[in-house]
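A short write-up of the structure that comes next.
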Amino acid sequence: MRAGVIAQKVGMTRIFTDGGEHIPVTVLRLENCQVVGQRTAEKNGYTAVQLGAGRAKVKRLSRAERGSFAVANVEPKRKVAEFRVSPDNMIDVGAEITADHFVEGQFVDVSGTSIGKGFAGGMKRHGFSGLRASHGVSVNHRSLGSTGQCQDPGKVFKGKKMAGQMGNVSVTTQNLRVVKTDVERGLIMIRGAVPGAKGGWVLLSDAVKRALPDGVPKPGAFRKGADEQAAPVAANETKDAGQSAASGESA
């Protein structure tokens, strides 16, 4: 079980194939998606990685959030999420996940917050037919109708479909196919619609109902942290400085 990614919804477009077919796709952007924490079986009782994406202002963070980002040695993130992984798919803290974490043709599950529609009636929210539009009904053509029973039980059961807020709930769309990835720009293009509004954050993970295709990187496709990349350079600089000092003494 691999880690997913946190992506930002850019919008929809279409891609043309070599045969002239056009495919509607949703464009998702990876904005500095890094590993900011780990959960281990010894300390937490389960294994997972905590990812962060985007950039947040330090003044808008709590002291606890500032401390966690300082320990991880990463810049403050706007969105943080946790993904369960198997022990052999753990990723080091500070690594940045890239768009080629998913391969073309792979199926993924996308979770996001649906667009809020505000307060809606029973016909719009649940598809009720409403009351008759002919004789016997006045003004209440789109009303809900009866909601309760008789004196026994004398109440409305919890979960009854009634008018209320529509949308703005967590939605997961399964088995969406990855059409194309762009590593340089950090873009992932998914066939079909993805829940949420433009600019919203979504969570991408491997489809739970489909097998992973061949060629999927494990534990994932990522870049090492800046401190790990700088370490070899520092070692080479120290070696060069030592050689130059030795040559100066011999001269």
Fill in: Of residues in segment 157-178 being aliphatic (A, V, I, L, M) and out of contact with any Asp or Glu (no Cβ under 7 Å at 6 or more places or on another chain), the one surrounded by the fewest Cβ atoms within 10 Å (Cβ to Cβ)
Val169
Worksheet entry | Pairs with Cβ under 9 Å, 6+ apart, first in segment 70-88 and of a type in the set (Phe, Trp, Tyr), second surrounded by fewer than 19 Cβ atoms within 10 Å (Cβ to Cβ) and part of a loop (DSSP other than H, G, I, E, B) | Phe83/Met1
Worksheet entry | segment 90-123 - residue that is in the same structural domain as Thr147 (by TED's automatic domain parsing) and in contact with a Leu (Cβ under 8 Å, 6 or more places away or on another chain) and, of those, surrounded by the most Cβ atoms within 10 Å (Cβ to Cβ) | Gly122
Fill in: Hits in segment 102-127 - residues which are part of a strand (DSSP E or B) and either under 30 Å from Ala3 (Cα atoms) or of a type in the set (Gly, Ala, Ser) (or both)
Phe107, Val108, Asp109, Val110, Ser111, Gly112, Thr113, Gly118, Ala120
Worksheet item: What are the residues in segment 141-199 that are free of Cβ contacts under 8 Å to residues at least 12 places away in the same chain and not small (Gly, Ala, Ser), if any?
Response: His141, Gln149, Cys150, Gln151, Asp152, Pro153, Lys155, Val156, Phe157, Lys158, Glu184
Worksheet item: Quick one: how many residues across segment 146-181 are closer than 30 Å to Gly105 by Cα and touching a helix residue (DSSP H, G or I) at 6+ places or on another chain (Cβ under 6 Å)?
Response: 1
Worksheet item: Among strands (runs of 3 or more DSSP E) lying entirely in segment 136-223, which contain 1 or more residues that are of a type in the set (Asp, Glu)?
Response: 170-182, 201-206
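So is Arg2 touching an Asp or Glu at 6+ places or on another chain (Cβ under 8 Å) and surrounded by 11 or more Cβ atoms within 10 Å (Cβ to Cβ) or not?
Details: touching an Asp or Glu at 6+ places or on another chain (Cβ under 8 Å): yes; surrounded by 11 or more Cβ atoms within 10 Å (Cβ to Cβ): yes.
Criteria met by Arg2.
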Discussion item. Yes or no: segment 66-77 includes at least one residue that is of a type in the set (Ser, Thr, Tyr), exposed (fewer than 12 other Cβ atoms within 10 Å of the Cβ) and assigned by TED's automatic domain parsing to the domain that holds Ala211.
Written reply: no
Discussion item. Would you confirm whether or not segment 38-47 contains a residue that is surrounded by fewer than 16 Cβ atoms within 10 Å (Cβ to Cβ) and under 15 Å from the mean Cα position of the chain (by Cα)?
Written reply: no
Discussion item. Return the residues of segment 157-185 that are among the β-branched types (Val, Ile, Thr) and under 16 Å from the mean Cα position of the chain (by Cα); say none if nothing qualifies.
Written reply: Val169, Val171, Thr172, Thr173, Val178, Thr181
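Among Ser143, Ser138, which is surrounded by 14 or more Cβ atoms within 10 Å (Cβ to Cβ), more than 30 Å from Lys209 (Cβ to Cβ) and either in the same structural domain as Pro219 (by TED's automatic domain parsing) or of a type in the set (Gly, Ala, Ser) (or both)? Can you show your working first?
Values: Ser138 fails: surrounded by 14 or more Cβ atoms within 10 Å (Cβ to Cβ).
Every option except Ser143 fails the conditions.
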Worksheet item: So His126 clears everything in (1) assigned by TED's automatic domain parsing to the domain that holds Glu82; (2) in contact (Cβ under 8 Å) with a residue 24 or more places away in the chain; (3) surrounded by fewer than 16 Cβ atoms within 10 Å (Cβ to Cβ); (4) more than 25 Å from Gly11 (Cα to Cα) except one condition, right? Which one?
Response: (1)
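The values are calculated or read from the model by the stated rules, or taken from the named source; none is laboratory data. Source: prediction; values computed, not measured. A quick note on method: Cβ atoms are made from the backbone with ideal geometry, for glycine too, and the neighbour counts reach across all protein chains shown.
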